[in-house]
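Shown next, in structure tokens, is the structure this report addresses.
Laboratory data are not the source of any read-out in this text; all were calculated from the coordinates shown. The structure displayed is predicted, hence computed values, not measured ones. In this analysis, Cβ positions are derived from the backbone assuming ideal geometry, glycine residues included, and neighbour counts consider all displayed protein chains.
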Amino acid sequence: MRIRFLFLLLALALVATAVRADDLPDLGDVAQASFTPQQERTLGESIMRQIRQDKAYVDDPELTDYLNDLGYRLVSLSPEYRQEFEFFVILDPSVNAFALPGGFIGVHTGLFLAAQSESEFASVLAHEIAHVAQRHIARMIAGQKQNTIMSLAALAVAILAARGSPQLSQAAIMGAGAGAIQSQLNYTREHEREADRVGFQILDRSGFDVNAMPLFFERLQRATRTYDSNAPSYLRTHPLTTERIADMQNRSEVAPYRLVADSIEFHLLRAKIRATADPPKEAVAFFTESVGEQKFANEAAARYGLVTALLRARQYPEAKAELRKLRAMLPSNPIVETLAGRVLVASGDVPGALDFYRSALRAHPQYRALALDYAATLLQNQQAADALKFVTDQLQIYPSDPRLYQLQARAYAALGQKLQQHRAQSESYVLQGNLPAAIDQLQIGLKAGDGDFYQLSSSEARLRQLQARELESKPK
């Protein structure tokens, strides 16, 4: 699915407005009267349901948790800190990020790799958060009213078309939004300047290096000359001008100098993306050369990438040897510990892996990736009862994690509890925004013929609740 066309349309729509930045104090109220935050969220959730089903959507708890931790660090210092946000990753080598209605912000894996510092990466997130904080979509709809609403409605058709044909997707999306986009291009620079200004303030308040924003955008602009018509995606969806870059440079020059070190998590997860982007043998060769010739910004991250690549190439003895060196450099890092557990499991030492996970979780009890891997390994070792207890406890900490419900469903299935299995799978679908599938699972479970009175009553009540929600979500 070529969902980048969707991102192009939405990003262009985001920056379409006839109102100048000087009028900001009154704009939020006007936008809210025309298109409520709840309506924005509902629209965003409908788009996210499609994105989550696409193979480009990255369901990786480490990347997702890092991105959301960083995102909410920025959001907490934004003008719209009460807005609900969700940050997610898209597997795509292009340099891009985008904001959807309702606070959903997507980041391409290519952006992780293109950013040369965490401050540069954060500057792009701050810019996208500013689009949401200033309610650009609502303001665009307030100005265009029915035409824009029809374009957004047609966008849903375009998303569905993309499931079967990339060519049809492009045609549908362009048909849905071309007219509205063309009529709004004169206002693109206004919204982008506004997002630059607010994003700069967010970045500054968050303690990052504000010089990173003009540096990153200037580097992207220089890339335009190299790529010519195939400019980086972020430039196509967020058109840059010399004036905008000069404005960012002027702001950074008067800001206090700040030397900000990158977090080790930023380096490790960039290495993880790089190690999984290429075929295993190529990834091993790349990181072997990086470590051997010391071509790295961070040695621990380079070794982490090498272990990840060796694991993918099933070179387990070599992976274990490199892992020992890595753990000596970072003796108590949860990202490294998660990788260590995966090496043990993949090499066939499941009992050893279980002991290792228990120890690692005592040191890092709140690290979600470790918890998920431990539960999956318990199930792999046919310890369903232990897995069920552990997952149920984890759901008290992470009640909105669909993966935990999937693991709970697997545990119930292994124990022969069919009603509970389908109930857990139903909750996983609910969290993914797929109400029809959730309802189907409950109906299947209620026909299974097991479950006590309380479980049956609870499942029947939940089924009625979900059916009512689905009815409310349908167009009147």
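Tabulated results
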{"item": "Rh (Kirkwood; distinct C-alpha pairs) - segment 361-476, Å", "result": "14.8 Å"}
{"item": "Most to least packed among 291-304, 190-203, 264-277 [average Cβ atoms within 10 Å]", "result": "190-203, 264-277, 291-304"}
{"item": "Within straight-line cross-link reach of Lys281, lysines at Cα separation under 22 Å, skipping those fewer than 8 residues along the same chain", "result": "Lys272, Lys295, Lys320, Lys325"}
{"item": "Set of lysines with alpha-carbon distance to Lys389 below 26 Å, sequence-local pairs under 8 removed", "result": "Lys418, Lys447"}
{"item": "Volume of the Cα convex hull of segment 344-385, divided per residue and given in Å³", "result": "65 Å³"}
{"item": "Hull shadow area, averaged, segment 264-338 [alpha-carbon convex hull, nm²]", "result": "4.2 nm²"}
{"item": "Average Cα contact separation per residue, segment 344-436, under 8 Å, 6 or more apart, as relative contact order %", "result": "20 percent"}
